[in-house]
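S.K.: Structure incoming, see below.
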Amino acid sequence: MAKMWAGRFQKETDAVVNDFNSSVMFDCRMYAEDIQGSIAHATMLGRQGIIPQDDVHKIIEGLQGILADIEAGKIHFSPELYEDIHMANEQLLTERIGDAGKRLHTARSRNDQVALDMRLYVRREIKEIRALVLGFMHALCEVAAKHTETVMPGYTHLQRAQPITFAHHLMAYANMLKRDVRRLDDCLSGMDALPLGSGALAGTTYPIDRAFVAEQLGFSAVMDNSLDGVSDRDYCIELCADLSILMMHLSRLSEEVIAWCSWEFKFIELDDAYSTGSSIMPQKKNPDICELIRGKTGRVYGALTTLLTFMKAIPLAYNKDMQEDKEATFDAIDTVKNCLRVIAPMFRTMTVLTENMKNAAKRGFINATDCADYLTKKGMPFRDAYKATGTLVHYCIEQGKTLDTLSLDEYKAITPMFEDDVYHAIDLSTCVRERRSIGGPAPDEVARQLKVIEDFLAAQ
Ligand code: ARG
């Protein structure tokens, strides 16, 4: 098949080279954006008197027909026929409407076109990802709202540390996701400028109206330099960086769910619909979804590394290296969307084993800080109270006891400042209820945290 750029060439492209060079297999997913951009461009060309209005009507009608046929599955984008989606649409158009189709590419280059299409595509996908993140935040809030009183151990170094609630733990993730949304919004606003009109690299001699095209396509500005316009892929890198951070959050949460599902923790049980079995071990119920999310995080980091690496040595302006932006960015987008689609319902349907959480909280001396604080509040300097409590813990470990099961005499043997009210002070529910500082796990305080996130969600 003769290429669109056939004039200068005496030979056909080698078949292997053709497949190597062609991107239509993956960039065909931008078909709608390519058509949308071409319609805006043709409309502008007509308004500026650069091409006849009559041709503009034919072009728009032709492109709409192609769009309908693509959506009806009537067009097969094979690399034997088309190099990329931009050539494919122009070729199809010219086959359908003849000379008018050949006028579409006036005052435009493919570098221009791919810069636009990718921007439009990424913009649309960011909005979808954003909605999925919000959906997951909703799910976390729903579960958290039911567990503001569910005491569990909080950990540092994966050692039981101080008592918190399950709601408090989940709201930590809701806050991370809120920042992810802010990052996505920032990416959207940073990329909100039209590249089209940059030409191949050096603009054009035609009297184009870039502001009109920007308005047609929903951009609030036009890119200010044509070399930058055709070779900027910052927004793909920014998006992949944002998605890497988002995946890091999902991966940390997945890691925790995996641990919570184990017999060692048994804090939650996943719904059967959101877990998998073993081919040989009949008893197994595995948190495969979480393991996949944890694993796929590496894939998204890989996309970021791919983009940063191939972009770092590209001279101005467009170079074909940039075609590598597609598969990496698309894969990162698909991966994140798939992960968000499974993790939200997995959370909504899981069973929280509150008794197991509470029992775990009872072991590991997680009320030791509260015991020291008790003495401090009675007047002992904190460092001394810390030491006295440490001695008590050591004594408990030797005697196989807990702070709650020590007798008052045993307490008093350490310091007579201990009185009967120590049992109330170190009771786990007291420990949680009294941690009322902003950001703390006290039920009222977590209810406030929940409201902050719920208000944020309601404002979207
Ligand atoms: N398929 C190309 C890409 O994805 C489109 C731009 C090609 N331009 C060029 N002059 N070869 O980057």
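Any read-out appearing in this document is the output of simple, stated calculations on the displayed coordinates, not a laboratory observation. Every value quoted in this text rests on a predicted model; they were computed, and no experiment measured them. Cβ coordinates were reconstructed from backbone atoms using ideal geometry, including for glycine residues, and neighbour counts include every protein chain displayed.
S.K.: Quick one: 3J(HN,Hα) in Hz for segment 286-294, Karplus 6.51/-1.76/1.60 with θ = phi - 60°, rounded, Gly and Pro as x.
M.R.: In residue order, the calculated couplings are 9, x, 4, 4, 5, 5, 5, 4, 4 Hz.
S.K.: Then there's this: Helix 110-146 sits at what angle to the longest principal axis of the chain, using alpha carbons and giving 0 to 90 degrees rounded to 10?
M.R.: So the helix axis and the longest Cα principal axis differ by about 20 degrees.
S.K.: Next question, about the same structure. As a test of the definition: which semi-axes, in Å, follow for segment 164-208 when you take the square root of five times each eigenvalue of its alpha carbon gyration tensor? Largest first, please.
M.R.: Working: eigenvalues 431, 9, 4 Å².
Semi-axes from the Cα gyration tensor: 46, 7, 4 Å.
S.K.: As an exercise, identify the GluC sites (Glu not before Pro) in segment 15-98 lying in DSSP coil whose Cβ has no more than 11 other Cβ atoms within 10 Å.
M.R.: Working: sites: Glu33, Glu61, Glu71, Glu80, Glu83, Glu90, Glu95; in loops: Glu80, Glu83.
Counting only loop positions with at most 11 other Cβ atoms within 10 Å, the GluC sites (Glu not before Pro) in segment 15-98 are Glu80.
S.K.: Which Rg and Dmax, in Å, describe the Cα atoms of the chain?
M.R.: Using the Cα atoms of the chain, the pair Rg, Dmax is 30.6, 101 Å.
S.K.: Please report, largest first and rounded to whole Å, the three semi-axes of the ellipsoid equivalent to segment 106-211, where each semi-axis is the square root of five times an eigenvalue of the C-alpha gyration tensor. Display every interim value, and only then the final one.
M.R.: On the way: eigenvalues 476, 33, 15 Å².
Over the Cα atoms of segment 106-211, the semi-axes work out to 49, 13, 9 Å.
S.K.: Now, a different point. Please give the charge dipole size of the chain, origin at the Cα centre, charges +1 on K and R Cβ atoms and -1 on D and E Cβ atoms. Round to the nearest 20 debye.
M.R.: The calculation lands at about 600 debye.
S.K.: Among all the lysines, which ones have a C-alpha under 22 Å from Lys320's C-alpha, if same-chain residues fewer than 8 places away are not counted?
M.R.: Lys3, Lys11, Lys312
S.K.: Rank the residues Phe212, Phe267, Phe77 as a footprinting-exposure proxy: fewest other Cβ atoms within 10 Å of their Cβ go first. Don't skip to the end; give the middle numbers.
M.R.: Numbers: Phe212 15, Phe267 23, Phe77 20.
Lowest to highest Cβ neighbour count: Phe212, Phe77, Phe267.
S.K.: Only sites in a loop by DSSP and with at most 14 other Cβ atoms within 10 Å count here; which trypsin sites (Lys or Arg not before Pro) in segment 30-111 make the cut?
M.R.: Lys74
S.K.: Quick one: compute a quarter of the convex hull surface over the Cα atoms of segment 361-458 and quote it in nm². Intermediate values should be presented prior to the final figure.
M.R.: Working: hull surface 27.8 nm².
Across all orientations, segment 361-458 yields a mean hull projection of 7.0 nm².
S.K.: On the Cα set of segment 21-106, report Rg and Dmax in Å, please.
M.R.: Answer for segment 21-106, Rg first and Dmax second: 12.5, 36 Å.
S.K.: Further question on the same structure: For every helix of n ≥ 4 consecutive DSSP H residues, a contribution of -39,500 (n - 2.57) applies; sum these over the chain, divide by its total residues, and give [θ] at 222 nm rounded to the nearest 500 deg cm²/dmol. Numbers along the way, then the final one.
M.R.: Values: 20 runs with 287 residues, N = 460.
Theoretical 222 nm ellipticity from helices: -20000 deg cm²/dmol.
S.K.: Name the trypsin sites (Lys or Arg not before Pro) in segment 364-450 that are in a loop by DSSP and that have at most 15 other C-beta atoms within 10 Å, would you?
M.R.: Values: sites: Lys377, Lys378, Arg383, Lys387, Lys401, Lys412, Arg433, Arg435, Arg436, Arg448; in loops: Lys378, Lys401, Arg435, Arg436.
When the trypsin sites (Lys or Arg not before Pro) of segment 364-450 are filtered for loop state and at most 15 Cβ neighbours within 10 Å, Lys378, Lys401, Arg436 remain.
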